[in-house]
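K.L.:
Okay, handing you the structure first.
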Amino acid sequence: MISTEITLPCGAVMKNRLVKSAMTERISNKNFEPTKGHEKLYKDWSDTGAGLLITGNVVIDRKHLESAGNVCFDDSNMLSKLRSWAISAKSGGNQVWIQVSHSGRQANKFSTSRPLAPSEVQLRKMGLFGKPKAMIAHDIQEVIAGFVKAAKLSKEAGFDGVQIHAAHGYLLSQFLSPSTNVRTDQWGGSIENRSRLLLTIIREVRKEVGDHFPIAVKLNSADFQRGGFTEEESLEVVKMLDAEKIDLLEISGGTYEKLAFFIMNEEGSELKESTKRREAYFIDFAKKVRAISKLPLMITGGFRSYEFCNEVLKNGEVDLIGMGRPFITNRDEISGFLKGEIPNLKNMVLRTGFKQFEDSAEGGFYARQLIRFSKGKKFKPNMSPLWCSMFLVLYEFRKAMAKKFA
Ligand SMILES: Cc1cc2nc3c(=O)[nH]c(=O)nc-3n(C[C@H](O)[C@H](O)[C@H](O)COP(=O)(O)O)c2cc1C
């Protein structure tokens, strides 16, 4: 049942199976530190009763931001602020893990015009991303060290675990994908070589944090792009991960080019009929993962009903239920949902009527709600979809300028 506790391989205990998946907050201060806004946001999420809260992208490098409002865990001088965030985020007796990430070529031009990436394959989306520079051996070592440092700071600050972000087209996902990694050295070519960076980071982080600190990995089932990372390759990576000391595998899918993790709701035509009926986007893929791996498994995307969540837990299809948007649209109903008093968390669908703006409208809508929550304001269902679609670019520009001149 969703309300049943679970013990992870490292010994950590989660009080139930509901996980708030990572959602970028975009509200760091000028020094890339967490703010009182983070404390408010996570205290309220902690009060929902969910067993685990995973933070939004926390980056290891200020030049490779996913958002100008990212927190960056690269400096031990910020420990006291990190501690305050951890304390509020765990006040309800839940676990809280930091999602550690590097954006690679998905770092927008507001943070760098020359992002580092496995190869010089540029992301073409609204002219927002610069031509990447292929990483040299030294850059790769710096990225490994950056992940280790962020994990060290997470543990020192009192967070309960880390999630290494290897999904959604960010740097580690770029290394995994043959369309963005065309290297011919030990970091490119075969799937073993393309996985080397992820596996090295996991091992180095494990050395740093010890055996009893949860390490999770977020992995794409596929990129959903021609020539990209496929389900078959993802299953190869799962087999390799299975031999590592990790505590949770979260499955998602898609990149900035194809926002499968985000936009495939009931109006999305991407889903097979069988998956639509079964509500969670990656449930069919989860079965294939189960067949080859013993890792605790979570999928995220689409879960909305109490009955279905319990059904897939009871059948052993997954061990944990990951949810994102319901922690925004239905935040006040989550505790009732966990008790079975609220059977369904309604999905909001926001449409501008213009195909090219739908992603940004949805992204802007949820970003604005998170910013409202961080200020102690309530969920606002009625927002102009067109304004939401423009909001993010303007917000990111303003936030980046404030940092540049800080
Ligand atoms: C506003 C917002 C921000 C997100 N930020 C992140 C992020 O920082 N890292 C990540 O791995 N996924 C991120 N996601 C994806 C979610 O973790 C989740 O995979 C997605 O929302 C699908 O789950 P859902 O149908 O329960 O919302 C974000 C989603 C939303 C709505």
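K.L.:
Would you pull out the residues with amide H under 5 Å of residue 133's amide H, same chain only if 5 or more places away, H placed 1.01 Å from N?
P.N.:
116, 117
K.L.:
Next question. If you take the alpha carbon radius of gyration of region 1-57 and divide it by 2.2 N^0.38 Å, what ratio comes out, to two decimals?
P.N.:
1.33
K.L.:
List the residues of region 241-261 whose backbone N lies under 13 Å from a point placed 7 Å from the Cα of residue 293 along the Cα-to-Cβ direction.
P.N.:
The answer is 241-253.
K.L.:
Separate question: So who's got an amide H within less than 5 Å of the one on residue 112, skipping anything under 5 residues away but keeping other chains? H placed 1.01 Å off N, in plane.
P.N.:
The answer is none.
K.L.:
Measuring from label point to label point, each 7 Å out along Cα→Cβ, what is the residue 31 to residue 144 span in nm?
P.N.:
Simple spin-label model gives 3.1 nm for this pair.
K.L.:
Could you list the GluC sites (Glu not before Pro) in region 81-184 that lie in coil according to DSSP, counting only those with at most 16 other Cβ atoms within 10 Å of their Cβ? Please report the intermediate quantities before stating the final value.
P.N.:
On the way: sites: 120, 142, 156; in loops: 120.
Answer by residue number: 120.
K.L.:
Residue by residue through region 28-37, what is 3J(HN,Hα) from phi via Karplus (6.51 cos²θ - 1.76 cosθ + 1.60, θ = phi - 60°)? Round to whole Hz and write x for glycine and proline.
P.N.:
Values per residue, Gly and Pro as x: 5, 7, 4, 9, 6, 9, x, 10, 4, x Hz.
K.L.:
Right, here's the next one. Compute a Gaussian network model of the chain, connecting alpha carbons closer than 10 Å, and tell me which residue from 207, 245, 258 fluctuates the most.
P.N.:
So, out of 207, 245, 258, the one fluctuating most is 207.
K.L.:
Have a look at region 1-118 and give its Rg and Dmax from the Cα atoms, expressed in angstrom.
P.N.:
Rg, Dmax (Cα atoms, Å): 15.4, 48.
K.L.:
Can you bin region 62-136 into rounded, prolate or oblate? Criterion: square roots of the alpha carbon gyration tensor eigenvalues sorted a ≥ b ≥ c, rounded for a/c under 1.5, prolate for a/b above b/c, oblate for the rest. It would help to have the intermediate numbers written out before the result.
P.N.:
Details: a/c = 2.83, a/b = 2.51, b/c = 1.13.
Prolate shape, in that a/c is at least 1.5 and a/b is the bigger ratio.
K.L.:
Can you give me the three principal axis dimensions of region 102-151 from its C-alpha atoms, in Å, biggest first?
P.N.:
33, 20, 12
K.L.:
Round to a whole angstrom and tell me the spacing of the C-alpha centers of region 118-143 and region 204-247.
P.N.:
Each part reduced to its Cα centre gives a spacing of 21 Å.
K.L.:
Residue separation times 0.36 nm, minus the C-alpha to C-alpha distance between residue 242 and residue 4: what's the value?
P.N.:
On the way: separation 238, 0.36 × 238 = 85.68 nm, distance 2.42 nm.
Extra length from residue 242 to residue 4 when fully extended: 83.3 nm.
K.L.:
Moving on to the next point. Starting from the Kirkwood radius over alpha-carbon pairs of region 149-261, derive D by Stokes-Einstein at 25 °C in a medium of 0.890 mPa s and give it in µm² s⁻¹.
P.N.:
Value of D from the Cα-based Kirkwood radius: 172 µm²/s.
K.L.:
Expressed in nm², what is the orientationally averaged projection area of the convex hull enclosing the Cα positions of the chain? Each step should come with its number before you reach the end.
P.N.:
Values: hull surface 69.5 nm².
The orientation-averaged projected area of the Cα hull of the chain comes to 17.4 nm².
K.L.:
Rule-of-thumb check for region 276-377: C-alpha Rg over 2.2 N^0.38 Å?
P.N.:
Details: Rg = 15.7 Å, N = 102, 2.2 N^0.38 = 12.8 Å.
Working it through for region 276-377, the quotient is 1.23.
K.L.:
What ³J(HN,Hα) values, in whole Hz, does the Karplus curve 6.51 cos²θ - 1.76 cosθ + 1.60 give for region 324-337 when θ = phi - 60°, with x put for Gly and Pro?
P.N.:
Along region 324-337, the couplings run x, 4, x, 6, 9, 6, 10, 3, 6, 9, 4, 5, x, 4 Hz.
K.L.:
What is the set of long-range amide H partners of residue 99 at a cut-off below 5 Å, with H atoms built 1.01 Å from backbone N?
P.N.:
Amide H neighbours of residue 99, under 5 Å, 5+ apart: 55, 58, 163.
K.L.:
Take the Cα atoms of region 69-212, build their convex hull, and give its volume per residue in Å³.
P.N.:
Details: hull volume 17.8 nm³, N = 144.
Dividing the Cα hull volume of region 69-212 by its residues yields 123 Å³.
K.L.:
What is the distance, in nm, between label points placed 7 Å from the Cα along the Cα-to-Cβ direction at residue 79 and at residue 382?
P.N.:
According to this spin-label approximation, the distance is 5.1 nm.
K.L.:
With N residues in region 356-406, what two-decimal value do you get for its Cα radius of gyration over 2.2 N^0.38 Å?
P.N.:
Working: Rg = 11.9 Å, N = 51, 2.2 N^0.38 = 9.8 Å.
Normalised Cα radius of gyration, region 356-406: 1.22.
K.L.:
What is the extension gain from residue 91 to residue 311, computed as 0.36 nm multiplied by their sequence separation minus the C-alpha to C-alpha distance, in nm to one decimal?
P.N.:
Details: separation 220, 0.36 × 220 = 79.20 nm, distance 2.96 nm.
Going from the current span to full extension adds 76.2 nm.
K.L.:
Under a point spin-label approximation (7 Å from Cα along Cα-to-Cβ), what is the residue 126-residue 193 distance to one decimal in nm?
P.N.:
Going from the residue 126 label point to the residue 193 one covers 3.6 nm.
K.L.:
Using the Karplus curve 6.51 cos²θ - 1.76 cosθ + 1.60 with θ = phi - 60°, work out ³J(HN,Hα) for each residue of region 55-65 in order, rounded to whole Hz, and write x for Gly and Pro.
P.N.:
So the J values, rounded to whole Hz, are 5, x, 2, 10, 8, 9, 8, 5, 8, 10, 8.
K.L.:
So, R0 is 22 Å and r is the distance between the beta-carbons of residue 351 and residue 394; what FRET efficiency does that work out to, to 0.05? Provide the component values of the computation, followed by the final result.
P.N.:
Values: r = 21 Å, r/R0 = 0.94.
Calculated transfer efficiency: 0.60.
K.L.:
So for 387, 97, 187, fewest C-beta neighbours within 10 Å to most, what's the order? Walk me through the numbers before you get to the answer.
P.N.:
Numbers: 387 14, 97 25, 187 19.
Ordered from fewest to most neighbouring Cβ atoms within 10 Å, 387, 97, 187 come out as 387, 187, 97.
K.L.:
Express in whole angstrom the spacing between the alpha-carbon centres of region 5-56 and region 339-377.
P.N.:
Region 5-56 and region 339-377 have Cα centres separated by 19 Å.
K.L.:
Fully extended, how many nm does the chain gain between residue 114 and residue 137 (0.36 nm per residue separation, minus their Cα-Cα distance)? Don't jump to the answer; show the numbers that get you there.
P.N.:
Details: separation 23, 0.36 × 23 = 8.28 nm, distance 1.72 nm.
Gain in length upon complete extension: 6.6 nm.
Values in this text are rule-based calculations from the coordinates and carry no lab data. The structure displayed is predicted, hence computed values, not measured ones. Please note: Cβ atoms are built from the backbone with ideal geometry, for glycine as well, and neighbour counts cover all protein chains shown.
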